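The values are calculated or read from the model by the stated rules, or taken from the named source; none is laboratory data. Everything numeric in this text was worked out from a predicted model, so none of it was measured. Here Cβ is always computed from backbone atoms with ideal geometry, including for glycine, and neighbour counts include all displayed protein chains. Surface accessibility is based on the protein's heavy atoms, side chains included, excluding ligands, DNA and RNA. Shrake-Rupley method; radii C 1.70, N 1.55, O 1.52, S 1.80 Å.
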Amino acid sequence: MQRTWFHRSSVAALLLITCAATACSVREPAITIEPAEWSLAEQIGEVLAGRSNEIRVTQREVHPEDLAHFEAVVDSLERLNLGRTTFDDDSLRRLEAFKKLVQLRLQAPGATDEGVSHLAELGQLKYLHLIDVPVTDAGLEKLRSLARLESLYLDHARVSEAGCRSFAEARTDVHFHVDGDHPPGDPHDDHHHDQGESKTK
């Protein structure tokens, strides 16, 4: 009986070891971690060195006093992405000096139509995305003057359906989105529907 017990115990132990080894060999799913964002000073250094034309600050809040640092690259910055700011109208007025800006993505709930009117002076701007900026129809009308504008995205603005329709009809060359959708009257919306229909045929 002792031999049988020893044999069964050995088999049980061997099974435990095998299961443990198998468990260890199974890899856990990889965890995707967003890479750390370069500091503002590092990004400005890259622009000054001619290795970049973009500054992206989305992992911390940017304040009006931070604009003093951006002014070092006022003549070379082309793309600016500020995901969280405490900017006001005066802050947007200071952005007017960045004449080479081609792309601007900005979250600024403290700004108004007055601040947006300063962005309308950025003559090279092609891509504009305003987030939580309480733009009304009056501010939207100011943006019509951006001659090179190709894409306008507004999230959580205060524009009316009539104001959006008016802009879309006046600027048929602009890809226009409000809260992720094309507003009524936007000819690009019909284009998307046509593409969807062609895919289902």
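Would you mind telling me the share, in percent, of accessible area of the range 108-151 contributed by carbon and sulfur at probe 1.4 angstrom?
Working: 800 of 1790 Å².
Ligands and nucleic acids excluded, carbon and sulfur reach 45 percent.
Once fully extended, how much extra length lies between Val74 and Gln59, figured as 0.36 nm per residue of separation less the alpha-carbon to alpha-carbon distance? Walk me through the intermediate numbers first.
Numbers: separation 15, 0.36 × 15 = 5.40 nm, distance 2.22 nm.
Full-extension gain reported as 3.2 nm.
So if we plug the beta-carbon distance of Ala147 and Asp89 into 1/(1 + (r/R0)^6) with R0 = 25 Å, what FRET efficiency do we get, rounded to 0.05? List each step's numbers first, then the result.
Working: r = 23 Å, r/R0 = 0.92.
E between Ala147 and Asp89, to the nearest 0.05, is 0.60.
With a ≥ b ≥ c taken as the square roots of the eigenvalues of the C-alpha gyration tensor of the range 35-172, please select rounded if a/c is under 1.5 and otherwise prolate if a/b is larger than b/c or oblate if it is not? Working shown, then result.
Values: a/c = 2.07, a/b = 1.66, b/c = 1.25.
Here the range 35-172 falls in the prolate category.
Equivalent ellipsoid semi-axes for the range 37-91, as square roots of 5 times the alpha carbon gyration tensor eigenvalues: give them largest first, rounded to whole Å. Please list the in-between numbers first.
Details: eigenvalues 67, 32, 16 Å².
Whole-Å semi-axes of the equivalent ellipsoid: 18, 13, 9.
Which far-off residues, 5 or more places away or on another chain, put their amide H under 5 Å from the one on Thr85, with H placed in the peptide plane?
Here the answer is Val62, Gln107, since their amide H atoms fall under 5 Å of that of Thr85.
Karplus couplings for the range 109-123 from phi (6.51 cos²θ - 1.76 cosθ + 1.60, θ = phi - 60°), rounded to Hz, Gly and Pro as x?
Values per residue, Gly and Pro as x: x, x, 8, 9, 4, 4, x, 4, 4, 6, 5, 5, 8, 7, x Hz.
Keeping every protein chain present and rolling a 1.4 Å probe, give me the accessible area per residue for the range 38-158 in Å².
Numbers: 5660 Å² over 121 residues.
The answer is 47 Å² per residue.
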